[in-house]
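Student: The structure under discussion is supplied below as structure tokens; questions concerning it will follow.
Computed from the coordinates by the stated procedures, all read-outs in this text should not be read as laboratory data. Only a predicted model underlies this, so the values are computations on that prediction, with no experimental measurement involved. Quick reminder, even Gly has a Cβ in these numbers, built from the backbone with ideal geometry, and neighbours come from all protein chains shown.
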Amino acid sequence: MKTVRLGKTGLEVTRVGIGGIPIQRPPEDAAIKVIQRALDLGVTFIDTARGYGDSEKRIGKAIADRREEVIIATKGTWQSKEAALEQIDLSLKHLNTDYIDLWQFHNPSTFERLDLILKPGGALEGAKEALEKGKIRHIGMSIHTLDVALKAVTTSHFETVQVPFNFVTIEPANELVSLAKKHNVGFIAMKPFAGGLLDDANLTIKYLLQFDNVVPIPGIEKTKEIEEIVNIVNGSWELTSQEQTKMEKFRSELGTQFCRRCGYCMPCPEGVRIEQLVCMPILWKLWPSKETLSDESIGGFMKASVESAENCIQCGECEEKCPYHLPIREMITKSINLYEKMKKQKKVSATGN
Ligand code: SF4
Ligand code: SF4
């Protein structure tokens, strides 16, 4: 598999790594096999986080006899020096290793939080102490907020930056990708499948491979997924005109009201199930349209979400928190209208009335 240098870390990683969220879903034995299959296929880069349930533990078990084959990235807190040090020790324990190749601050989503990391006695000091002790080898930043990421790459403190990037979340292509390259900061693309919304591996992976300094880390939970991805990486990366048209079609269908499912608008102080509501039109697309959706299936989930919207007091707090500035209240209204329309068309069950 082709490799790429991860910015100033000097780490040479495969052109595609794997993201560690979905490997929490299968039984542990199966998850370990998936990771080992990825290594067998030549993948050398795995990204996880303290916050991803037992992902670190599973990765630790999978790489127990193969530590030197893999470059491990994980993430931890940004609140304080002590908290960062504590989390690094926990990651080492769960990953069953004595060093972490790349340790990243996990989503300090505002400028204030970035300042908190950088201030004297802040989490950066903790990371640097761990670096000096050899517990971690490089320091990076994983973040969903683009303007904070743009600032972070110019500070010289972070050797890598990780943001959501895919052919519908294209904003990083405008400035961040080239800025990271200019500052020799490695670029890791999280959510290449837009958190599961995109299902065409050929399009998603090939789109990101067009950027020669970007390393996509698709989350995988099945061996056939990583096999397909590795085949794509080992094939031609050229996007055909049909593929480009397909991507354009997808983008225009999603328009400017595309929720990246980052969850930063949550929790709503009034208990509104915001994320589920704003994603409802996409769910309708994903489920078979002719099927009646019973209360026991997705219909019940949608009904509960719509009912929660009755509590909305229009405070706008969610829109302030959304890093993509989505018109959440308008989107919720649209979802409710869509639900009512589906009810009339009897696509939700009678008890859903
Ligand atoms: S506007 Fe409505 S949904 Fe958004 S935070 Fe306020 S109450 Fe919750
Ligand atoms: S509405 Fe905004 S903040 Fe909430 S999950 Fe979607 S993209 Fe994230």
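Student: Measuring from a point 7 Å past the Cα of Arg5 along Cα-to-C-beta, which residues in segment 105-125 have an amide N at less than 18 Å?
Tutor: Taking a point 7 Å out along Cα→Cβ of Arg5, no residue of segment 105-125 has its backbone N under 18 Å.
Student: Using R₀ = 41 Å, calculate the FRET efficiency as 1/(1 + (r/R₀)^6) where r is the Cβ-Cβ separation of Glu12 and Glu319; round to 0.05.
Tutor: Details: r = 42 Å, r/R0 = 1.03.
E(calc), rounded to 0.05, equals 0.45.
Student: Further question on the same structure: For an R0 of 25 angstrom, estimate the FRET efficiency from the Cβ-Cβ distance between Asn202 and Glu69 and round to the nearest 0.05. Each step should come with its number before you reach the end.
Tutor: Details: r = 27 Å, r/R0 = 1.08.
After rounding to 0.05, the efficiency reads 0.40.
Student: Here's a follow-up. For segment 6-65 and segment 219-234, compute the distance between their C-alpha centroids and round to whole Å.
Tutor: Here the two parts' Cα centres lie 13 Å apart.
Student: Quick one: putting +1 on the C-beta of Lys and Arg, -1 on the C-beta of Asp and Glu, what dipole do you get for the chain around its Cα centre, in Debye to the nearest 20? Walk me through the numbers before you get to the answer.
Tutor: On the way: 46 positive and 47 negative charges, 98 e Å.
Here the chain has a charge dipole of around 480 debye.
Student: Using label points projected 7 Å from each Cα along Cα→Cβ, tell me how many nm separate Glu171 and Ala304, to one decimal.
Tutor: 3.0 nm
Student: Something else about it: Output the pairs from Lys151/Lys303; Lys57/Lys191; Lys57/Lys133; Lys8/Lys191; Lys206/Lys341 with a Cα-Cα distance over 32 Å in this structure; if there are none, say none.
Tutor: Values: Lys151/Lys303 42 Å; Lys57/Lys191 21 Å; Lys57/Lys133 22 Å; Lys8/Lys191 23 Å; Lys206/Lys341 37 Å.
The answer is Lys151/Lys303; Lys206/Lys341.
Student: Separate question: Give me the percent relative contact order of segment 31-72, please, defined on Cα pairs under 8 angstrom at least 6 residues apart. Spell out each step's value before the answer.
Tutor: On the way: 30 pairs, mean separation 22.7, N = 42.
It rounds to 54 percent for segment 31-72.
Student: Let me ask something additional. Modelled label-to-label distance, Glu129 and Asp54, 7 Å Cα→beta-carbon offset: nm?
Tutor: 3.2 nm
Student: Of Thr245, Ile336, Ala173, which is farthest towards the positive pole of the chain's charge dipole, taken about the Cα centre with +1 and -1 on the beta-carbons of Lys, Arg and Asp, Glu respectively?
Tutor: The residue sitting most towards the positive pole is Thr245.
Student: Need the C-alpha centroid separation for segment 98-131 versus segment 160-210, integer Å.
Tutor: Segment 98-131 and segment 160-210 have Cα centres separated by 23 Å.
Student: List the trypsin sites (Lys or Arg not before Pro) within segment 1-83 that fall in a DSSP loop (any state other than H, G, I, E or B) and whose Cβ has at most 12 other Cβ atoms within 10 Å.
Tutor: Here the trypsin sites (Lys or Arg not before Pro) that fit, given the DSSP loop and packing criteria, are Lys2, Arg66.
Student: Ok, one more. When only alpha-carbon atoms are used, what values of Rg and Dmax, in angstrom, describe the chain?
Tutor: Radius of gyration, then largest Cα-Cα span, for the chain: 21.0, 64 Å.
Student: Return Thr74, Thr155, Thr223, Thr145 ranked ascending by Cβ neighbour count within 10 Å, so the fewest neighbours appear first.
Tutor: Numbers: Thr74 31, Thr155 14, Thr223 17, Thr145 21.
Listing Thr74, Thr155, Thr223, Thr145 from fewest to most nearby Cβ atoms yields Thr155, Thr223, Thr145, Thr74.
Student: Continuing with the same structure: Counting only C-alpha contacts under 8 Å and six or more residues apart, can you give the relative contact order of segment 105-190 as a whole percent? Write down the numbers at each step before the final one.
Tutor: Details: 112 pairs, mean separation 21.9, N = 86.
Worked out over segment 105-190, it gives 25 percent.
Student: If I take every Cα pair under 8 Å that is 6 or more residues apart in segment 149-269, average their sequence separation and divide by the length, what percent do I get for the relative contact order? Could you put the intermediate results ahead of the total?
Tutor: Details: 135 pairs, mean separation 27.4, N = 121.
Computed value for segment 149-269: 23 percent relative contact order.
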